[in-house]
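Report on the structure given below.
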Number of protein chains: 2
Amino acid sequence: MRLSHTIFLVLTWAALFTNSAFSTSPGGADTAFVASRYSEAAHRIITRALSDSAAFERLAYMCDTFGPRLSGSENLERALRWIEKTMKNDGLDNVHSEPVMVPHWVRGKESLLLLEPRRYDMPMLGLGGSIATPPEGITAEAIVVNTFEELERRSEEARGKIVVYNPPWDGYGRTVRYRTRGAIEAAKAGAVASLIRSVTPVSLQTPHTGMMRYHDSIPKIPHAAITVEDAAMLERMHRRGQKIVLTLRMEAKTLPDAVSHNVVAELRGTERPDEIIVMGGHIDSWDVGEGAMDDGGGCIAAWQAVKLLKDLGLRPRRTIRVVMWTNEENGMRGGLGYFDAHKDEVSKHLLAIESDAGVFKPRGFGLSGNDTIRSVVNAVARLLNSIDAGEITERGGGVDISPLMRAGVPGMGLRVHGEKYFWYHHSPADTIDKLDPRDMNLCVATLAVMAYVVADLPETWF
Amino acid sequence: MRLSHTIFLVLTWAALFTNSAFSTSPGGADTAFVASRYSEAAHRIITRALSDSAAFERLAYMCDTFGPRLSGSENLERALRWIEKTMKNDGLDNVHSEPVMVPHWVRGKESLLLLEPRRYDMPMLGLGGSIATPPEGITAEAIVVNTFEELERRSEEARGKIVVYNPPWDGYGRTVRYRTRGAIEAAKAGAVASLIRSVTPVSLQTPHTGMMRYHDSIPKIPHAAITVEDAAMLERMHRRGQKIVLTLRMEAKTLPDAVSHNVVAELRGTERPDEIIVMGGHIDSWDVGEGAMDDGGGCIAAWQAVKLLKDLGLRPRRTIRVVMWTNEENGMRGGLGYFDAHKDEVSKHLLAIESDAGVFKPRGFGLSGNDTIRSVVNAVARLLNSIDAGEITERGGGVDISPLMRAGVPGMGLRVHGEKYFWYHHSPADTIDKLDPRDMNLCVATLAVMAYVVADLPETWF
């Protein structure tokens, strides 16, 4: 499926490329065409997007009223029902829910008590997918390591203990492995539980949760996050030779899969409605904070972008479809379910756009796709230079659109000034007050201009 | 006492001023004298202070091992016993404890549950001195106001409700009044409890505690802090017309006064040992975090400064006395107790120096005192220019030295680059990882150079 589809797309694009009457160089004829045909529409979109704080208010209402939206939770389904109803009230087309079975992990009560060298009730968050401890908890001495390599060197010491990982912050991509693989490596060494320094560069005693993994052939042990501060403290105690004793209690459990939904709405195309620009974010979040940045904001920005086009009477030639994908955080079932439910029209997806980096001030998009789509997107992006959101970089996409991308659909991720994103990510501090209504409006404008123009361009371009 | 003492000091200083052979202008003869006589000592002090991380390690050991040090707690007394013992091991002079009776407020268990519009267990911290709720808690609707003025306008609505203050951040000095006076003003309006937005410019869902007051003629109601995020959320809900129902539970109580201690150590002067430069910080903290910035760091920096002089064999002509004042946070009994215990030698205090702003990179000192002491301090401060810590500003001091200052002793506070101080202040995030060992060493050097040179200058200067 994947290969044949890719070949199909390549052939299509090759044909398009030779059909195209426009140069693909920046500033070339295609750019001039886009500018002459779409500048006014882009201006109207941007002006309207900046005219009120409706997007922010909608996001705030959802976050405040329904709370965090973990897969399997009633919070999430209540939020989805509100979204579907409100999308219908907005007058969008083909608004509906597509059921998806999702993992149903629940945290339950949990605590971590330092017993030695002093009593202290530590802030903590169990990691998504972790097993529970026995009801009485696990009381054990702790060993603190900086890296997997150190754990391997000292594995004899780890037997029967709680392994505390305190890796240096080295960017999210490198530091997160202690969250994902930490329990596996600790269990290999015979540890009874494992704790990680929260995956963040900055902390005010704020624990950060997130997904973790087990390996079928290795014993499962409870795995939780502590704060940057407390991981550093435990390391200081350990290096000083102070004996550390902890009691970890977790009730976490994985229930049978639950029903959740991808909510879908469209602005149907006028001429080629079966051709689709799909755009959205993931509506599920972790079970702390409000899921404002990860990824309520991305969802609502995409939704508002389509509503804005409808309100302005800007209906493109192709269909723009907005999807609130469910269960990105701990299962990706929304993205997979969408792909399965829309298998027959995958080849009709011209472009997939995901916004999952927080609706901070936008920079542009990261694009994964061939030269043809890149020249299209580069040309359209010129329309966003007035709001400094026209930067197109190599590689982009998103977890939810990755099944489409693997099948050859060009994928694009909204890029933002997200320098503080990981301060809040997966933590109780992922709340809407960190966002600026104007920045969010700029995200709405960026998504709306890009989706509208790509969806409206002449077929000779594709 | 105060007036006559002040007159005495003014006369003394007037005499000194006319006795002084040195110009008081920056760069004048006094500066030249200080430079020629003390440059080498200052250089040795600074070099030695920067040669290791002993100060930081001592602070970390104390914070990690004993935990936060609230007045009346066993944590505080254990830390004080360790300090006294260690000061003796350091070979400092006249190391002893001076008992002081301190308030003994204990937090007990506490919680704040949002019931409507959704269930949510909110992070919170009862404020120091607050009364408890009944055991079943107080369940009431909330009203959110930004200011006392708004509360006054809407006081009819506040009756029987929980008042939530969500003032805009307007600097510590102005925003803190909702913490100190919030319960009084809310009770005046007939409220059953009050909550404040934590007094901080930045939050990652971190509540900040601190002192609050009651008024004898106004009913006492429980008073607690919530996070910046949650205060903003409650305000959004309130402005939106969503009904907010909260259950506040607090076990807080004020026990009979407890015995605590000011710990004192000296580097006795060689020629005029009865003349004193007193220097220190407050050793008590709130009962969350580690009290690393507020004010473990200030205490240990002052202590290390004196130890450093001793280790270098730099014994000045007058006595430098280091004091770990107890109970600054919720009573000031340490500062008052010191004043009472040393009444007879108050006039022998040439200068009082407090460090209570975090041991971040030092800038210099803020000085409250007359022109004579200002010219002395200005001249000495030149020796700190090499580490950019020689800036002397108008007005300074500290809570613990304020009784001395009211009696006419010139007072000085260490000034630092404390832009982030209030991010951590009175919160679980007041932990040592926020500090840099080199910055702390620079504080040690700054305190040591200033104290040493002032304590050693010829008597013609005073």
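The values are calculated or read from the model by the stated rules, or taken from the named source; none is laboratory data. Predicted, not measured: the structure shown is a model, and the values here were computed from it. Using ideal geometry, Cβ is built from the backbone for each residue, glycine included, and neighbour counts are taken over all protein chains shown.
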How about the range A:380-416: which of its residues are more than 13 Å from the chain's Cα centre (by Cα) and among the acidic types (Asp, Glu)?
A:Asp388, A:Glu391, A:Glu394
Six or more apart or on different chains, Cβ under 7 Å: which pairs go from a residue in the range B:32-44 that's farther than 18 Å from B:Ile387 by Cα to one that's of a type in the set (Lys, Arg) and assigned to a helix (DSSP H, G or I)? Could you list them?
none
Looking at B:Glu141, B:Glu156, B:Glu149 in this structure, which one is of a type in the set (Asp, Glu), away from chain A (no Cβ under 14 Å) and touching a strand residue (DSSP E or B) at 6+ places or on another chain (Cβ under 9 Å)?
B:Glu141
Being of a type in the set (Lys, Arg) and either buried (at least 23 other Cβ atoms within 10 Å of the Cβ) or in the same structural domain as B:His208 (by TED's automatic domain parsing) (or both) is true for just one of B:Lys361, B:Lys307. Which residue is that?
B:Lys307
A:Tyr178 fails exactly one of the following numbered conditions: (1) out of contact with any strand residue (DSSP E or B) (no Cβ under 6 Å at 6 or more places or on another chain); (2) at negative phi; (3) in the same structural domain as A:Arg213 (by TED's automatic domain parsing). What is the number of that condition?
(1)
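Every residue, every condition in (1) out of contact with any Leu (no Cβ under 7 Å at 6 or more places or on another chain); (2) charged (D, E, K, R); (3) within 15 Å of B:Ala142 (Cα to Cα), yes or no:
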{"site": "B:Ala189", "(1), (2), (3)": "no, no, yes"}
{"site": "B:Thr209", "(1), (2), (3)": "no, no, no"}
{"site": "B:Thr247", "(1), (2), (3)": "no, no, yes"}
{"site": "B:Asp284", "(1), (2), (3)": "no, yes, no"}
{"site": "B:Val288", "(1), (2), (3)": "no, no, no"}
{"site": "B:Asp295", "(1), (2), (3)": "yes, yes, no"}
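Just to be sure I understand, how many residues within the range B:87-97 are part of a helix (DSSP H, G or I) and touching a strand residue (DSSP E or B) at 6+ places or on another chain (Cβ under 9 Å)? Please lay out each step first, then the result.
Pass one, the range B:87-97, residues part of a helix (DSSP H, G or I): B:87-89.
Retained after the next criterion (residues that are touching a strand residue (DSSP E or B) at 6+ places or on another chain (Cβ under 9 Å)): B:87-88.
Qualifying residue count, the range B:87-97: 2.
Counting residues that are more than 14 Å from every other protein chain (Cβ to nearest Cβ) and of a type outside the set (A, V, I, L, M), which strands (runs of 3 or more DSSP E) fully inside the range A:179-271 reach at least 3? Before you say what the answer is, go through the steps one by one.
Details: elements: A:193-197, A:223-226, A:245-250, A:253-267.
The qualifying strands (runs of 3 or more DSSP E) are A:253-267.
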Could you look through the range A:248-276, keep only residues that are farther than 19 Å from A:Arg81 by Cβ and surrounded by 23 or more Cβ atoms within 10 Å (Cβ to Cβ), and pick out the one that is nearest to the chain's Cα centre (by Cα)?
A:Ile276
Looking at (1) under 30 Å from A:Ala258 (Cβ atoms); (2) within 14 Å of another protein chain (Cβ to nearest Cβ); (3) in a strand (DSSP E or B), which is the only condition A:Arg78 fails?
(3)
Contact list, first residue from the range B:189-205 and in contact (Cβ under 8 Å) with a residue 24 or more places away in the chain, second anywhere and aromatic (Phe, Trp, Tyr) and buried (at least 24 other Cβ atoms within 10 Å of the Cβ), beta-carbon distance below 6 Å, six or more apart or interchain, is B:Ile196/B:Tyr165; B:Ile196/B:Tyr178
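Among the residues of the range A:140-168 satisfying the criterion of being within 28 Å of the chain's Cα centre (by Cα) and touching a residue at least 40 places away in the same chain (Cβ under 8 Å), which is surrounded by the fewest Cβ atoms within 10 Å (Cβ to Cβ)?
Looking only at the range A:140-168, we keep the residues that are within 28 Å of the chain's Cα centre (by Cα), and these are A:146-148, A:164-168.
Still in the list and also touching a residue at least 40 places away in the same chain (Cβ under 8 Å): A:146, A:164-166.
Numbers: A:Asn146: 14, A:Val164: 26, A:Tyr165: 28, A:Asn166: 23.
So, considering only residues that are within 28 Å of the chain's Cα centre (by Cα) and touching a residue at least 40 places away in the same chain (Cβ under 8 Å), the one surrounded by the fewest Cβ atoms within 10 Å (Cβ to Cβ) is A:Asn146.
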Read through the list (1) of a type in the set (Ser, Thr, Tyr); (2) surrounded by fewer than 20 Cβ atoms within 10 Å (Cβ to Cβ); (3) within 27 Å of A:Asp344 (Cβ to Cβ), then give the number of the only condition that A:Ser386 fails.
(3)
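Can you tell me which residue in the range B:415-448 is nearest to the other protein chains (Cβ to nearest Cβ), limited to those that are among the β-branched types (Val, Ile, Thr) and in contact with a Pro (Cβ under 6 Å, 6 or more places away or on another chain)? Even if it seems obvious, please write down each step before you answer.
First, the residues of the range B:415-448 that are among the β-branched types (Val, Ile, Thr): B:416, B:431-432, B:444, B:446.
Subsequent filtering for residues that are in contact with a Pro (Cβ under 6 Å, 6 or more places away or on another chain) retains B:416, B:446.
On the way: B:Val416: 19, B:Thr446: 25 Å.
Only one residue fits best here, namely B:Val416.
Looking only at the range B:346-367, decide whether some residue is more than 23 Å from the chain's Cα centre (by Cα) and either farther than 15 Å from B:Val454 by Cα or not in a helix (DSSP H, G or I) (or both).
Yes, that holds for at least one residue.
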So, B:Gly397, is that one at pLDDT 95 or above, within 19 Å of B:Asp439 (Cβ to Cβ) and out of contact with any Pro (no Cβ under 8 Å at 6 or more places or on another chain) or not?
no
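Do the conditions hold for B:Ala55, that is, is it part of a helix (DSSP H, G or I), touching a residue at least 12 places away in the same chain (Cβ under 8 Å), within 12 Å of chain A (Cβ to nearest Cβ) and small (Gly, Ala, Ser)? Give the steps one after another, and end with the answer.
Details: part of a helix (DSSP H, G or I): yes; touching a residue at least 12 places away in the same chain (Cβ under 8 Å): yes; within 12 Å of chain A (Cβ to nearest Cβ): no; small (Gly, Ala, Ser): yes.
In short, no.
Check the range B:395-414 and report whether any residue there is within 14 Å of chain A (Cβ to nearest Cβ), on the phi < 0 side of the Ramachandran plot and crowded, with 24+ Cβ neighbours inside 10 Å. Give the steps one after another, and end with the answer.
First, the residues of the range B:395-414 that are within 14 Å of chain A (Cβ to nearest Cβ): none.
Within the range B:395-414 (the criterion being within 14 Å of chain A (Cβ to nearest Cβ), on the phi < 0 side of the Ramachandran plot and crowded, with 24+ Cβ neighbours inside 10 Å), the answer is no, since none of the residues qualifies.
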Of the criteria (1) within 20 Å of the chain's Cα centre (by Cα); (2) within 14 Å of chain A (Cβ to nearest Cβ), which one B:Lys109 fails
(1)
Under the condition of being among the polar types (S, T, N, Q) and within 12 Å of chain B (Cβ to nearest Cβ), which residue from the range A:58-75 is nearest to A:His223 (Cα to Cα)?
A:Ser73
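I'm trying to understand the selection: among the residues of the range A:200-228, which are among the β-branched types (Val, Ile, Thr) and either crowded, with 24+ Cβ neighbours inside 10 Å or farther than 15 Å from A:Trp169 by Cα (or both)?
In the first step, residues of the range A:200-228 are kept if they are among the β-branched types (Val, Ile, Thr); the result is A:200, A:202, A:206, A:209, A:218, A:221, A:226-228.
Result: A:Thr200, A:Thr206, A:Thr209, A:Ile218, A:Ile221, A:Ile226, A:Thr227, A:Val228.
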Only listed residue being assigned by TED's automatic domain parsing to the domain that holds A:Ile432, surrounded by fewer than 23 Cβ atoms within 10 Å (Cβ to Cβ) and touching a residue at least 24 places away in the same chain (Cβ under 8 Å), chosen from A:Gly137, A:Gly72, A:Gly91, A:Gly129:
A:Gly91
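What about A:Glu98, is it within 13 Å of chain B (Cβ to nearest Cβ) and modelled with pLDDT of 95 or more?
On the way: within 13 Å of chain B (Cβ to nearest Cβ): no; modelled with pLDDT of 95 or more: yes.
For A:Glu98, the condition - within 13 Å of chain B (Cβ to nearest Cβ) and modelled with pLDDT of 95 or more - is not met.
For the range A:106-142, enumerate the residues that are in a strand (DSSP E or B) and farther than 30 Å from A:Asp284 by Cα.
Our first condition is that a residue be in a strand (DSSP E or B); within the range A:106-142, this holds for A:106, A:110-116, A:120-122, A:124-126, A:128, A:138-142.
Once the filter is applied, which keeps residues that are in a strand (DSSP E or B) and farther than 30 Å from A:Asp284 by Cα, the range A:106-142 yields A:Leu113, A:Leu114, A:Leu115, A:Glu116, A:Tyr120, A:Ile138, A:Thr139, A:Ala140, A:Glu141, A:Ala142.
For the range A:281-319, how many residues meet the condition of being assigned to a helix (DSSP H, G or I) and within 14 Å of chain B (Cβ to nearest Cβ)?
So the answer is 3.
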